[in-house]
Structures are given as structure tokens and as C-alpha cells.
Amino acid sequence: MLEVNEKKYDYLIVGAGLFGSVFAHEMTKRNKKCLVIDKRDHLGGNVYCEKKEGINVHKYGAHIFHTNDKKIWDYVNQFATFNNYINSPLSLSKGKLYNLPFNMNTFYQLWGTKTPEEAKAVINEQIAKYGTKSPKNLEEQALSLAGKDIYETFIKEYTEKQWGKKATELPAFIIKRLPVRYTYDNNYFNDIYQGIPIGGYNTIIEGLLSGIETKTNIDFFEDRVQLESLADKVVYTGKIDEFFDYKYGQLEYRSLRFEHELKEIDNYQGNAVVNYNDSEYAFTRIIEHKHFEFGKQPKTIITREYPENWDRTKEAYYPINNDDNQRIYKKYKEEAKGMQNIIFGGRLAEYRYYDMHQIIASALTKVTEISEL
Ligand SMILES: Cc1cc2nc3c(=O)[nH]c(=O)nc-3n(C[C@H](O)[C@H](O)[C@H](O)COP(=O)(O)OP(=O)(O)OC[C@H]3O[C@@H](n4cnc5c(N)ncnc54)[C@H](O)[C@@H]3O)c2cc1C
């Protein structure tokens, strides 16, 4: 049972992830009284970092902040200073390392091509030979966008592990574009602003929630009636189908299992992110956390990331955006619209993949909309 004063809150915020934390921060600034609860034993949602051996371990997967929006960049910089980390992942395929995203370095490593003209000629020739006009599945789509070598070296086995299905059984729309760069540029993101908060993401969450009442280890559904009675309005950032007791059906997700390992060496792979393309590895990538912050610790911590089928006992990571799930989601969304005192927001309540900068923007927009009513 939650122990709180008999006081009334303006907002009960379910979920202390970025959406809930930004919302609570902004409403507190507007003199609203907020209570933030989370069922986990920590605040921060999926951006939470666990400090081990002096290293910030990204407990729920590697998080790299990037945005083109100066407003959002200034917003997060109120709470933390960012380092100049640039995401430049590598991909291991058939025993050889390649640079990502697909750029002139990758093409040199694949084919020995040195100029954009040479690389374009190889790609275009392969697209002409293996591509189709109207691709019916992911394999045909990838072959039509980038040709055979790129598909077979980087996409096929990786994507099959990610989704647990053959590329020929996956819909073409999963890959809308396959950006190829004809410059020697390994910077994964195109955004102007990028980095990792010095001290980890917890610093941002602590700043956002400073002075706000928070309670962890509280599941909204275990005491829903009492919790709802505490506040005028509820901001709900959990799974939308769970909120409605799955009455229109269950929304599907893809899950991940993270296997963390402490290594008694100071540097395991020399880079924060290495993708493992081949099917012989059940994991899709290895993260070496210290490299996000240029760490000099004597030991290192690595994390292997295993894609998994999802069920209700597992963390829901990626929504599966097929027609069936969208049909179900629309019914929940429609019902949610009619609820005056419940505000739905965040990746789980909107059944949508959001990057961090997008979730912050979405919480700020929601606060503005409500404040202008
Ligand atoms: C593997 C992975 C890697 C990512 N990498 C990046 C990246 O590099 N860059 C980037 O910009 N973004 C990245 N993201 C996206 C980023 O994690 C999200 O944008 C952000 O965490 C979403 O915040 P949120 O508040 O919506 O959700 P969450 O962080 O999931 O917060 C929701 C919170 O609600 C709580 N909750 C749910 N139900 C209940 C309940 N019944 N009672 C109480 N509490 C409840 C949960 O415990 C959780 O803490 C990544 C996401 C994943 C999955």
C-alpha cells in the first residue's frame, strides 16, 4: 500500500521515464502538485543507468542522444553537460569488421572501391541485377534498395535475428530507406547535436524530478482506485492495452534480453557499439559502455543484446506495427480520447517507437496544450 499524505495532487504521473519526468517538471514549474510513481525500483524508465566499477551501464540498451532541434538540445542541457561522443558503430560479418552506416569506408572494405563513382557503379549494377519494381517482402525490398552484397553482408541475418522471422516472411515496409553515403563519414546520425550526458542519463532524470515527490516499486494496477483518488488527473505512460484490461486484445512487441558481463581488462572491443551480423551469434550487438564516456577505468563492462519474443512477463521494447496491432491500438486510442481526466503519453501509451528527443518534445507539447486550455 502506498503511503502518502492525505493531500490532493493535481497530477498523478504513472511512469518515471522521460515522458513522465518532463511532464512532472514542467507542471511543477507551473505550480501544480505532482506525484510520480513507477513500478520499477528506480526512476528514469529505459534511460536509467546503473553505475558499476565507475562505469554508467545503460541497463535497458545503448542510448545515444541526438537531435536537430535546438530547443530540445537547450532543454536537456539545463540538466546535464553533454560530451562529444559520436556514434560510429562497427559491424562484424563473416569474420571481418566494417564501418557503419553504409559509407565510402564500408564500400572500400567490401569492394576496394575508392571513389564515389566506383562505389555507385557497383551498387547500381547490383540493384539492376537483383532488385524488383514492386518488392513483396523485406528481402526483395533490401535487394532493390542496396543490392546483393550490402543485403547479404549487413541486413539479412541481422534482421532475421531482430524479428525472429525469415527476411522473405517479413513485410517490405520495415525497411523504407537504406541510406548510403558517398562520403567517408562514419557518424551514424545526421543530426547537428549529439552526445552522452556526462554522469549518465540519471543526472537528467534527477534534475527533472528534483523537488518532486516520487515513489518507486508502485504498480498502478495493484492499487488503482486509491491511486486515482489521490489526484485530479492521471498521466499514464504505461501500456495502453493494460490500462483497458486488454478488452480489445493484446498489442504485440518485440523484447530484448541484456546479458551484462564484467571483464577484467580495460578495453574489450575498442568501440561502444559492435553489431554482430551473422546468425551463428544469437545476439545482435555488443555494447561496451565505458566508450560512451571515454572511460579510463581499469575494468570494462560489456552487454550482449539478444532479441526475444515478447510475452507479458517480459519488457516490451519495440511495437510491432502491423495492420492487426494498429487496428487494436486505434480502438484503445479512440476510447482514451474520451477520457477527460486521464492523459496518455509516452512510447507505451502511444504504442509507438520514439527517440529520446521526440519523447521530450511530445511531453512539452502535451504540457503546452493542457496549459492553454
Ligand atoms: C533498446 C533501445 C535503445 C534505444 N536507444 C535510443 C537511442 O540511442 N537514442 C534515443 O534517442 N532513443 C533511444 N531509445 C528510445 C528511448 O528509450 C525512449 O524514447 C524513452 O525511453 C521513452 O520514454 P518513456 O517515458 O515514453 O518510456 P519509458 O522510459 O519506458 O518509461 C515508462 C515507465 O513507466 C513505468 N510503468 C509502466 N507501467 C506502469 C505501471 N502499471 N505502474 C507504474 N509504472 C509503470 C515503467 O516502469 C517505465 O519506467 C531506445 C529504446 C530502446 C528500446
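Bear in mind that the values in this text are calculations on the coordinates, not laboratory data. Small disclaimer: the values here were computed from a predicted structure and weren't measured. Glycine also receives a Cβ, built like all others from the backbone with ideal geometry; neighbour counts cover every protein chain displayed.
Cross-link partners of Lys39 among aspartates and glutamates, defined as those whose alpha carbon lies under 12 angstrom from its own and excluding same-chain residues fewer than eight positions apart: Asp219, Glu222, Asp223. Of the trypsin sites (Lys or Arg not before Pro) found in the stretch 182-271, the ones in coil according to DSSP and having at most 15 other Cβ atoms within 10 Å of their Cβ are Lys247. Which Cα, out of Asn277, Val180, Ile13, lies furthest along the positive dipole direction of the chain (beta carbon charges, K/R +1, D/E -1)? Positive-most Cα among the choices belongs to Val180. Straightening the chain between Lys70 and Ser371 buys 106.1 nm, computed as 0.36 nm per residue apart minus the Cα-Cα spacing.
Cross-link check: pairs Lys114/Lys161; Lys165/Lys290; Lys96/Lys120; Lys32/Lys71; Lys59/Lys299; Lys29/Lys366 evaluated at a Cα-Cα cut-off of 25 Å; pairs beyond the cut-off: Lys114/Lys161; Lys165/Lys290. Dipole magnitude for the chain: about 560 debye, using +1 per Lys or Arg Cβ and -1 per Asp or Glu Cβ, origin at the Cα centre. Subtracting the Cα-Cα distance of Met339 and Ser255 from their residue separation scaled by 0.36 nm leaves 27.3 nm. A simple charge model with +1 on the Cβ of Lys and Arg, -1 on the Cβ of Asp and Glu and nothing else charged puts the dipole of the stretch 1-122 at about 60 debye relative to its Cα centre. Since only Ile155, Pro171, Gln141 are under comparison, the one whose Cα sits farthest along the positive direction of the charge dipole of the stretch 101-174, derived from C-beta charges on Lys, Arg, Asp and Glu, is Pro171. According to the Cα-based calculation, Rg over Rh for the stretch 101-174 is 1.00, with Rh computed by the Kirkwood formula. Both radii are taken from the alpha-carbon atoms of the chain; with Rh as the Kirkwood radius, Rg/Rh is 0.99. Placing dummy labels 7 Å off each Cα toward the beta-carbon, the span from Gln162 to Lys96 is 2.2 nm. Once each part is reduced to its C-alpha centroid, what is the distance from the stretch 247-304 to the stretch 163-225 in angstrom? Rounded to whole Å, the Cα centres lie 15 Å apart. Counting beta carbons within 10 Å around each of His260, His357 and listing the fewest first gives the order His260, His357. For Lys52, a cut-off of 12 angstrom between C-alpha atoms picks up these aspartates and glutamates, skipping any fewer than 8 places away in its own chain: Glu261.
Charge dipole of the stretch 97-251 (Cα centre as origin; +1 on each Lys and Arg Cβ, -1 on each Asp and Glu Cβ, all else neutral): 760 debye, rounded to the nearest 20. Can you bin the stretch 175-251 into rounded, prolate or oblate? Criterion: square roots of the alpha carbon gyration tensor eigenvalues sorted a ≥ b ≥ c, rounded for a/c under 1.5, prolate for a/b above b/c, oblate for the rest. Oblate shape, in that a/c is at least 1.5 and b/c is the bigger or equal ratio.
Calculated [222 nm] ellipticity per residue, helices only, for the chain: -8500 deg cm²/dmol; basis is -39500 (n - 2.57) per DSSP H run with n ≥ 4, divided by all residues, nearest 500. Exposed loop sites here mean GluC sites (Glu not before Pro) with a DSSP loop assignment and at most 10 other beta-carbon atoms within 10 Å; the chain contains its longest site-free run at 7-263.
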